[in-house]
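A.B. asks: Can you read through this structure? Questions will come right after.
The values are calculated or read from the model by the stated rules, or taken from the named source; none is laboratory data. In this text, all values refer to a predicted model and were calculated from it rather than measured experimentally. Using ideal geometry, Cβ is built from the backbone for each residue, glycine included, and neighbour counts are taken over all protein chains shown.
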Amino acid sequence: MKAVLLDGKSVASKIRNRLKQIVEKEFKSKDIKPGLVAILVGNNPASKIYVGSKVKACEEVGIFSEVIELPENTSENELINLIKELNVNPKFHGILVQQPLPSHISTEMVNENIDFRKDVDGFHPYNLGKLLLGEEGLKPCTPLGIIKLLTEYEINLNGKDVVVIGRSNIVGKPLAVMLMQKWNETNSTVTVCHSSTRDIKKFTASADVVIAAMGKPEFLSSDFIKDGAIVIDVGINRIEDDKTAKGYRIVGDVKFDEISSKASYVTPVPGGVGPMTIAMLLQNTIIACSKFYGININV
Ligand code: GUN
């Protein structure tokens, strides 16, 4: 093992402590309780676990939270009517609809119907437009968490060659947009590889930073990267494993053992990007709440 572990678990814990202090100092004294509502449609076991972790983290920092579980056969109309009610419910400053949604519900329609001021996932077209323009708005949690994690380790992305593998609306696309912004924390040269890229290695082999976010278990092997590259693993994949009690284990998109003997920094799975995503969700909820009440906070 040569690489330094980018310990998302401990950085996220530090962030949660800071957010807790903000809630106590800025909100409690004014009798304000930030609130987040999470909507879960269907029975996806992984989604249930993620939403559970999000709600638990809310409690820890003093955010009121509620989970609304809806059956798999909920219609798009029913879901959108619920979102419209929550948009005007003053108890909630953040609304989250866990993805993936059942195939009969349009993710696009759902994202568009959440009040952009409560869009703590940063998926509303208004917030994504603001992001593209490099302007202020709620930003997607996983990309934000990745940049925050690198910043905490004083890894300067300015002028670096960064390759993002994956172009999802949740991670790859917004991350690429953020990395290319002329911000202090970013300002990188960005390449996006995806399922139709003919030769991914051609791009990753010279990259300073490689971010694997394509959802392919243990795809990235050490021959893809240069010596001393920084590797971020966004993948959370369940693979069958008879040797474990649950019958499966969680792996990332990166072959961790071989990558960590060649890279300079690497994120573990679990304990890397995942906890940072949750910390950024809490941060977005606190930002949304502070804007609702016109309170100035410094996150
Ligand atoms: N599914 C996977 N990641 C996310 C996320 O960050 N937000 C939501 N709403 N769903 C997800």
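A.B. asks: Do we have any residue at all in the stretch 156-163 that's within 15 Å of the ligand (Cβ to nearest atom), touching a residue at least 40 places away in the same chain (Cβ under 8 Å) and either acidic (Asp, Glu) or surrounded by fewer than 24 Cβ atoms within 10 Å (Cβ to Cβ) (or both)?
C.D. replies: no
A.B. asks: Shifting gears a bit: Checking Ser13 against (1) assigned to a helix (DSSP H, G or I); (2) free of Cβ contacts under 8 Å to residues at least 60 places away in the same chain; (3) polar (S, T, N, Q), only one condition comes out false. Which one?
C.D. replies: Only one criterion in (1) assigned to a helix (DSSP H, G or I); (2) free of Cβ contacts under 8 Å to residues at least 60 places away in the same chain; (3) polar (S, T, N, Q) is unmet by Ser13, namely (2).
A.B. asks: A follow-up question, please. Taking the stretch 40-61 as the search range and keeping residues that are within 23 Å of Leu19 (Cβ to Cβ) and without any contact (Cβ under 8 Å) to a residue 40 or more places away in the chain, which one is farthest from the chain's Cα centre (by Cα)?
C.D. replies: Going through the qualifying residues, I end up with Glu59.
A.B. asks: Right, next: Could you tell me which numbered condition Lys118 fails, if it satisfies all but one of (1) within 15 Å of the ligand (Cβ to nearest atom); (2) over 30 Å from Asn17 (Cα atoms); (3) buried (at least 22 other Cβ atoms within 10 Å of the Cβ)?
C.D. replies: (2)
A.B. asks: Also, quick follow-up: With Gly271, Gly235 as the choices, which residue is under 17 Å from the mean Cα position of the chain (by Cα), more than 16 Å from the ligand (Cβ to nearest atom) and of a type in the set (Gly, Ala, Ser)?
C.D. replies: Gly271
A.B. asks: If you take the residues in the stretch 62-106 that are without any contact (Cβ under 8 Å) to a residue 60 or more places away in the chain and among the small types (Gly, Ala, Ser), which one is farthest from the ligand (Cβ to nearest atom)?
C.D. replies: Taking the candidates together, the pick is Gly62.
A.B. asks: Write out, first by first residue and then by second, each pair whose Cβ atoms fall under 8 Å of each other, whose residues are 6+ apart or on separate chains, and whose first residue, in the stretch 254-281, is of a type in the set (Ser, Thr, Tyr) while the second is within 13 Å of the ligand (Cβ to nearest atom) and at pLDDT 95 or above.
C.D. replies: Filtered contacts from the stretch 254-281: Thr267/Val273; Thr277/Cys141; Thr277/Thr142; Thr277/Gly145.
A.B. asks: Of Ile287, Ile225, which residue is modelled with pLDDT of 95 or more, touching a helix residue (DSSP H, G or I) at 6+ places or on another chain (Cβ under 8 Å) and of a type outside the set (S, T, N, Q)?
C.D. replies: It is Ile225.
A.B. asks: Given the conditions (1) free of Cβ contacts under 8 Å to residues at least 40 places away in the same chain; (2) of a type outside the set (A, V, I, L, M, F, W, C); (3) under 30 Å from Tyr248 (Cα atoms), which single one is not true for Thr204?
C.D. replies: Here Thr204 clears every test but (1).
A.B. asks: Of the residues that make up the stretch 68-84, is at least one among the acidic types (Asp, Glu), under 28 Å from Ile105 (Cβ atoms) and surrounded by 15 or more Cβ atoms within 10 Å (Cβ to Cβ)?
C.D. replies: Within the stretch 68-84, one or more residues are among the acidic types (Asp, Glu), under 28 Å from Ile105 (Cβ atoms) and surrounded by 15 or more Cβ atoms within 10 Å (Cβ to Cβ).
A.B. asks: A further question on this structure: Give Ile259, Ile295, Ile286 a once-over and let me know the one that is closer than 23 Å to Lys56 by Cβ, over 14 Å from the mean Cα position of the chain (by Cα), more than 16 Å from the ligand (Cβ to nearest atom) and of a type in the set (A, V, I, L, M).
C.D. replies: The match here is Ile286.
A.B. asks: Further question: Among the residues of the stretch 228-261, write down those that are among the small types (Gly, Ala, Ser) and closer than 22 Å to Pro275 by Cβ.
C.D. replies: Answer for the stretch 228-261, where residues must be among the small types (Gly, Ala, Ser) and closer than 22 Å to Pro275 by Cβ: Gly235, Gly252, Ser260.
A.B. asks: Are any residues in the stretch 134-155 acidic (Asp, Glu) and either within 18 Å of Arg18 (Cβ to Cβ) or within 16 Å of the ligand (Cβ to nearest atom) (or both), and if so, which ones? If you could, list the steps in order and put the result at the bottom.
C.D. replies: Quick first cut of the stretch 134-155, residues acidic (Asp, Glu) only: 135-136, 152, 154.
Residues satisfying the conditions are Glu152, Glu154.
A.B. asks: Looking only at the stretch 239-268, count how many residues are β-branched (Val, Ile, Thr) and surrounded by fewer than 22 Cβ atoms within 10 Å (Cβ to Cβ).
C.D. replies: Taking the stretch 239-268 first, the residues β-branched (Val, Ile, Thr) are 239, 244, 250-251, 254, 259, 266-267.
Narrowing the set further to residues that are surrounded by fewer than 22 Cβ atoms within 10 Å (Cβ to Cβ) leaves 239, 244, 250-251.
Looking only at that region, the number is 4.
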